[in-house]
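Peer 1: Quick one: the structure is below, questions incoming.
The values are calculated or read from the model by the stated rules, or taken from the named source; none is laboratory data. Everything numeric here is computed off the predicted structure, so don't read it as measured data. Heads up, the Cβs are rebuilt from the backbone with ideal geometry, glycines too, and the neighbour counts pull from every protein chain shown. Quick note on the areas: whole protein, heavy atoms, side chains included, nothing else; ligands and nucleic acids left out. Shrake-Rupley method; radii C 1.70, N 1.55, O 1.52, S 1.80 Å.
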Amino acid sequence: LGFSRIPDPVPVAVQADMLVSDALLLYGQQKGLPEWLTVRTDFTEGLPAVSADRDLMFQVLQNLILNAAEAMESMGHGVLVIATERDSSESDFVSIRIQDTGPGVPLDMQGKIFEPNITTREAGTGLGLVIVKEIVRKHGGHVSLQSTPGQGACFTLMLPLAGEGMEGA
């Protein structure tokens, strides 16, 4: 039901590192980051602004942070690195990478991880990553997964640059 009700984005020009910082702050206040989790940020200085709806991107980032924390929970320790950079192969985009040191995504699930009802968690609905993909798509971007089982997972969001004259947030 949530997937069918994703509103259209109301994008503003915003720095990708601000989206990440806000998401980490709000997530920590609302849910509390686990004490065992080490969070690192690696922001590239001087990136151009992206076109993003702050509320919808918070939902995307919160989902990916929660997934990473839950993936590492059974280990009782882990590192979450969130980085921003300008992708040289896609110059009209800025990337946000969310990388964890958890168990990774099984090979047989990697090709369908963004499909409905696919989950690695017993209590999961299998809709979180579907919603992430749809929100990013509605922004004119895309999301991808890179994972080696046993070595963690890395989700990369590609968000389009803000257009000329777009209002900032």
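Peer 1: From the P(r) of segment 34-121, can you give the percent of Cα pairs sitting at distances over 22 Å? Can you show the working numbers first?
Peer 2: Details: 1466 of 3828 pairs.
I get 38 percent for the Cα pairs in segment 34-121 exceeding 22 Å.
Peer 1: Between residue 112 and residue 6, take the C-beta separation as r, use R0 = 22 Å, and let me know the FRET efficiency to the nearest 0.05.
Peer 2: Values: r = 20 Å, r/R0 = 0.91.
So the FRET efficiency works out to roughly 0.65.
Peer 1: Around residue 78, which amide H atoms from residues at least 5 apart in sequence, or from another chain, sit under 5 Å from its own amide H, with H modelled in the peptide plane?
Peer 2: Placed amide hydrogens put 38 under 5 Å from residue 78.
Peer 1: Sort 76-84, 7-15 by packing, meaning the average of other beta carbons within 10 Å per residue, with the highest value first.
Peer 2: Numbers: 76-84: 18.3, 7-15: 16.2.
Ranked from most to least packed, the peptides come out as 76-84, 7-15.
Peer 1: For the chain, what does the relative contact order come out to in percent, with C-alpha contacts under 8 Å and a separation of six or more? Kindly include the intermediate steps, with their values, before the conclusion.
Peer 2: Values: 311 pairs, mean separation 48.0, N = 169.
Worked out over the chain, it gives 28 percent.
Peer 1: So how strong a dipole does the chain carry about its Cα centre when Lys and Arg Cβ are +1 and Asp and Glu Cβ are -1, to the nearest 20 debye? Let's see the in-between values first.
Peer 2: On the way: 11 positive and 21 negative charges, 71 e Å.
About 340 debye.
Peer 1: Okay, next question. For a quick check of your reading of the filter: which GluC sites (Glu not before Pro) in segment 51-159 sit in a DSSP loop and have no more than 11 other Cβ atoms within 10 Å? Write down the numbers at each step before the final one.
Peer 2: Details: sites: 70, 73, 85, 90, 122, 134; in loops: 90, 122.
For GluC sites (Glu not before Pro) across segment 51-159 that sit outside H, G, I, E and B with at most 11 neighbouring Cβ atoms in 10 Å, the list reads 122.
Peer 1: Let me ask something else. For segment 1-68, what are the per-bin percents of Cα-Cα distances with bins 5 Å wide, up to the bin holding the maximum?
Peer 2: Binned Cα distances yield the sequence 3, 15, 24, 23, 18, 11, 6, 1.
Peer 1: Report, to the nearest whole %, how much of the accessible area of the chain belongs to carbon and sulfur atoms, 1.4 Å probe, protein only.
Peer 2: Working: 4340 of 8930 Å².
Reported share for carbon and sulfur atoms: 49 percent.
Peer 1: Loop-only chymotrypsin sites (Phe, Trp or Tyr not before Pro) in segment 1-97, please: DSSP not H, G, I, E or B, and at most 14 other Cβ atoms within 10 Å. Show your work: numbers first, answer last.
Peer 2: Details: sites: 3, 27, 36, 43, 58, 93; in loops: 36.
Answer in residue order: 36.
Peer 1: Shifting gears a bit: Ignoring trypsin sites (Lys or Arg not before Pro) that are buried or in helix or strand per DSSP, and keeping those with at most 12 other beta carbon atoms within 10 Å, what is the longest stretch of the chain between them? Mind showing how you got there, number by number?
Peer 2: Working: sites that count: 31, 112, 121.
No qualifying site falls inside 32-111, the longest such stretch.
Peer 1: In nm², what is the average projected area of the convex hull enclosing the Cα atoms of the chain?
Peer 2: Details: hull surface 39.2 nm².
Mean projected area for the chain: 9.8 nm², to one decimal.
Peer 1: Next question. For residue 148 and residue 30 in the same chain, what is the full-extension length gain: residue separation times 0.36 nm, less their Cα-Cα distance, in nm?
Peer 2: Taking 0.36 nm per residue and subtracting the Cα distance, the gain is 39.4 nm.
Peer 1: With helices defined as uninterrupted DSSP H runs, which ones in the chain have an alpha carbon span along their own long axis of at least 20 Å and mean Kyte-Doolittle hydropathy of at least 0.0?
Peer 2: Working: long enough: 16-30 (21 Å, 0.56); 54-73 (28 Å, 0.35).
What comes out of the filter, once short or polar helices are dropped, is 16-30, 54-73.
Peer 1: Taking only the alpha carbons of segment 30-69, what extent do you get along each of the three principal axes, in Å, biggest first?
Peer 2: Dimensions of segment 30-69 along the principal axes of its Cα atoms: 33, 23, 15 Å.
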